[in-house]
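Structure first, then comments.
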Amino acid sequence: MGWSGQVALVTGAARGIGRAIARELARRGASVAVNYATQAATAEALAAELGRRAIAVGADVGDPAAVARMVETVTAALGPITVLVTNAGISVPGTLESFEPEAMARMRRVNADGMIHCVRAVAPAMAAAGYGRIVTIASNAAIGTALAGTTFYAATKAEVLALTRRFALELGSKGITVNAVAPGWIVTDMTRGATPEPEFAARVRGMAARTMVGRAGAPEDIANAVAFLAAPDSGFVTGQTLVVDGGRMDYIGHG
Ligand code: NAP
């Protein structure tokens, strides 16, 4: 089965990295479900741009019942899901000093629990078909970059990496691969936040200086890596983390 037989669900796909992933999978020929939490109109517009074999579907990935309904909706509209990309995520800055348990719980609910709910919702049909590609979006923060303020976000993404490997172990014999992409610093709403333009441009330059390739990342950089792991031909790659960070040089170490 080639790309044209694939049905992909991309979570958090109305904006940023998820949007680029949805576009790339559609460009390769997959049917695509564009999940959103709040941006319904943007998701609908993207689905319309992607064409007849695309839909927008709302669901809070932190709510397992909503995720189950989303999977039913996608299956009814496009067919059984063969590719899941768990991209939805949130980041709340925090340090040891400023730690807020409520912010940690909110991040865990979307970043880690949301990934679990989505994988649990699609795995039975993938297992019955003997085929599936699951790509999780972690972060290079999980592996130990030194960006201030990402401590607790990094911990939720480290959960994603552990779960990715464990789910790969549980699902491998059923023809399902599970891999993670760990992006570096990518220009999106998440990194821009409310930062005003001259300050943001300086931040982009600062982050570019931390990479070997000398630039900040674009959502398309991540979409390309996701498409590789989601490809029908990538069936012998599983339990892996593909770091796509331009060669970041500020990893915490004992050098
Ligand atoms: P973004 O522009 O802030 O977009 C976040 C997306 O997640 C939005 O589409 C949002 O949906 C969705 N989302 C948030 N909470 C959700 C929920 N409860 N249910 C469903 N969807 C939800 O972020 P981004 O930069 O594209 O990030 C995408 C992923 O890459 C995240 O997992 C992030 O942690 C990871 N990442 C980003 C960077 C970076 O530098 N940007 C680096 C490493 C990893 P709505 O639009 O509908 O609100």
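The values are calculated or read from the model by the stated rules, or taken from the named source; none is laboratory data. What you see is a predicted model, and the numbers here were worked out from it, not measured in a lab. Virtual Cβ from ideal backbone geometry, glycine too; neighbours counted across all protein chains shown.
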TODO: Could you tell me which numbered condition THR145 fails, if it satisfies all but one of (1) at pLDDT below 95; (2) buried (at least 17 other Cβ atoms within 10 Å of the Cβ); (3) more than 17 Å from THR188 (Cβ to Cβ)?
DONE: (3)
Task: Residue list for region 166-190, filter: surrounded by fewer than 17 Cβ atoms within 10 Å (Cβ to Cβ), of a type outside the set (Gly, Ala, Ser) and in contact with a strand residue (DSSP E or B) (Cβ under 8 Å, 6 or more places away or on another chain) - done: LYS174
Task: Among residues of region 145-176, those that are farther than 25 Å from ALA125 by Cβ and of a type in the set (Lys, Arg), counted - done: 1
Task: Single match in VAL92, VAL83 (criterion: under 22 Å from LEU161 (Cβ atoms), in contact with a Lys or Arg (Cβ under 8 Å, 6 or more places away or on another chain), among the aliphatic types (A, V, I, L, M) and surrounded by fewer than 21 Cβ atoms within 10 Å (Cβ to Cβ)) - done: VAL92
Task: Restricting region 21-68 to residues that are surrounded by 23 or more Cβ atoms within 10 Å (Cβ to Cβ) and near the ligand (Cβ under 8 Å from one of its atoms), the residue that is farthest from ASN111 (Cα to Cα) - done: ALA43
Open item on the list: Just checking, does region 107-123 include any residue being among the charged types (D, E, K, R), under 22 Å from THR177 (Cα atoms) and within 13 Å of the ligand (Cβ to nearest atom)?
Closed with: yes
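Quick one: is MET70 at pLDDT 95 or above and farther than 30 Å from ALA216 by Cα?
Here the answer is yes, as MET70 does meet what is asked.
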Open item on the list: I'd like the residue in region 197-245 that is closer than 23 Å to THR151 by Cα and in contact with an Asp or Glu (Cβ under 8 Å, 6 or more places away or on another chain) and, out of all such residues, is surrounded by the most Cβ atoms within 10 Å (Cβ to Cβ).
Closed with: GLY217
Task: Some residue of region 104-123 being modelled with pLDDT of 95 or more and over 20 Å from the mean Cα position of the chain (by Cα) - done: no
Task: Scope region 190-228; condition more than 12 Å from the ligand (Cβ to nearest atom), among the aliphatic types (A, V, I, L, M) and farther than 18 Å from THR11 by Cα; matching residues - done: ALA194, ALA201, ALA202, ALA208, ALA209, MET212, VAL213
Open item on the list: Condition first: of a type outside the set (A, V, I, L, M, F, W, C) and either in a helix (DSSP H, G or I) or more than 16 Å from the ligand (Cβ to nearest atom) (or both). Now tell me which residues in region 69-92 satisfy that.
Closed with: ARG69, GLU72, THR73, THR75, GLY79, PRO80, THR82
